[in-house]
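J.: Quick one: the structure is below, and I'll ask about it shortly.
The values are calculated or read from the model by the stated rules, or taken from the named source; none is laboratory data. Because the structure is a prediction, the values reported are computed rather than measured. Please note: Cβ atoms are built from the backbone with ideal geometry, for glycine as well, and neighbour counts cover all protein chains shown. Note: accessible area is taken over every heavy atom of the protein model, side chains too, but ligands, DNA and RNA are not part of it. Shrake-Rupley method; radii C 1.70, N 1.55, O 1.52, S 1.80 Å.
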Amino acid sequence: MKAFVSSVLFLVALHLVSATGRAGGRFGPVPIEEYGLSFVYYQRHCPQFEAVVSRKVKEWVKKDYTLASALMRLHFHDCAVRGCDASILLNHMGSERSAEVSKTLRGFEIIDDIKAELEKSCPKTASCADILTAAARDATVSAGGPFWMVPYGRKDGRVSLAKEANKVPNGHENITSLLELFQSQGLNVLDLVVLSGAHTIGRSTCGPVQPRLYNYNSTGKPDPSLNPQYANYLKRKCRWASEYADLDGTTPRTFDNVYYKNLQRKMGLLSTDQYLYSDSRTGPLVAALATQPQVFDYQFAVSMAKLGNVQVLTGGEGEVRTNCNAVNRY
């Protein structure tokens, strides 16, 4: 029976890969020009773009490995609101960056560092949106994850509103809400499950976790979907809401598919993590990815490439900021 189940999951995984390719994944037929982007965008006017981004990301992550997941999260928060336009980087009163849901975001100083160096060699050329997208890719690679080609040509947005940042998931949403958010961005259920796999590294504050430990749905009891041993561990780890817990309690520093195995063991840190396994729409995908690490790596690259192309601004739709924290004044 185990061999039969394994074979079925393997066939499901193969289907996911082939279906993604037909839908325009890394090797799919959809031309990237449809997004107004190009793989050779900086070849003439800023040929050192990727080298600078890669070097800077490596330098920062070497000092603090948690910055890899921080950059990936920063990129997701940007793309989930108004598309990938670097609006999350704008630092003014009432911006997305000032919203409560953005308080724990990190990595801004890395983007500033990259931008400062690029402004010296190719001023007013490299957009903050392109820098953040490339940095998220290189952060993934630095954590042991897959590489994918990133097309460029995104422009930076001029609008950033704190109230719009509230659409970003905070760990409590049900699968229907998450699917609606992803579908509104042109992403699908496979992208939801795969991109959630970014939780293979990184941490969360204990604030969203504590209700699951002590007062699930106002019952005064722990969440019954939590592994009891894991719950006891979290009670010791999360005495205060401001403390941190690893999103992957088994291999928190390794980019791998163990995150999905944890969900099968009822060891999802956030409610949204565990819902992926219990919901009939996403559970089979979790099961497939838990047994197929190569499929996870491949599909993570595909889904991250799709994420980076969400509602991008190109041509005259935006601008190239000279300072990623503020819109141009000229």
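J.: Quick one: which residue in Asp256, Asp191 is in a loop (DSSP other than H, G, I, E, B) and within 23 Å of the chain's Cα centre (by Cα)? Steps first, answer last, please.
T.: Values: Asp191 fails: in a loop (DSSP other than H, G, I, E, B).
The match here is Asp256.
J.: Test each condition in (1) modelled with pLDDT of 95 or more; (2) at negative phi; (3) of a type in the set (A, V, I, L, M) for Ala86 and report the one that comes out false.
T.: The failed condition is (2).
Here's the yes/no breakdown for (1) in contact with a helix residue (DSSP H, G or I) (Cβ under 7 Å, 6 or more places away or on another chain); (2) more than 29 Å from Thr140 (Cα to Cα); (3) open to solvent by less than 60 Å² (accessible area, probe 1.4 Å):
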| position | (1), (2), (3) |
| --- | --- |
| Arg203 | yes, no, no |
| Val209 | yes, no, yes |
| Thr219 | no, yes, no |
| Leu226 | yes, no, yes |
| Gln229 | no, yes, no |
| Asn232 | no, yes, no |
| Lys235 | yes, yes, no |
| Arg239 | no, yes, no |
| Tyr244 | no, no, no |
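J.: Before we move on, is Thr176 surrounded by fewer than 24 Cβ atoms within 10 Å (Cβ to Cβ) and assigned to a helix (DSSP H, G or I)?
T.: On the way: surrounded by fewer than 24 Cβ atoms within 10 Å (Cβ to Cβ): yes; assigned to a helix (DSSP H, G or I): yes.
Judged against the criteria, Thr176 is a match.
J.: Considering only residues that are of a type in the set (Gly, Ala, Ser), open to solvent by less than 20 Å² (accessible area, probe 1.4 Å) and either in contact with a helix residue (DSSP H, G or I) (Cβ under 6 Å, 6 or more places away or on another chain) or not in a helix (DSSP H, G or I) (or both), which ones fall in region 288-330?
T.: The first filter runs over region 288-330 and keeps only residues of a type in the set (Gly, Ala, Ser), leaving 288, 290, 301, 303, 305, 308, 315-316, 318, 326.
Subset that is open to solvent by less than 20 Å² (accessible area, probe 1.4 Å): 288, 290, 301, 303, 308, 318.
Residues satisfying the conditions are Ala288, Ala290, Ser303, Gly308, Gly318.
J.: While we're on this one: Would you check which residues across region 234-267 are in contact with a strand residue (DSSP E or B) (Cβ under 9 Å, 6 or more places away or on another chain) and not hydroxyl-bearing (Ser, Thr, Tyr) and list them? Before the answer, list the steps.
T.: Step one: filter region 234-267 for residues in contact with a strand residue (DSSP E or B) (Cβ under 9 Å, 6 or more places away or on another chain), giving 234, 237-238, 241-247, 252-253.
Result: Leu234, Lys237, Cys238, Ala241, Glu243, Ala245, Asp246, Leu247, Pro252, Arg253.
J.: What residue, of Arg239, Arg265, Arg321, is out of contact with any His (no Cβ under 8 Å at 6 or more places or on another chain) and at pLDDT below 95? Even if it seems obvious, please write down each step before you answer.
T.: Details: Arg265 fails: at pLDDT below 95; Arg321 fails: at pLDDT below 95.
Being out of contact with any His (no Cβ under 8 Å at 6 or more places or on another chain) and at pLDDT below 95 holds for just one of Arg239, Arg265, Arg321, which is Arg239.
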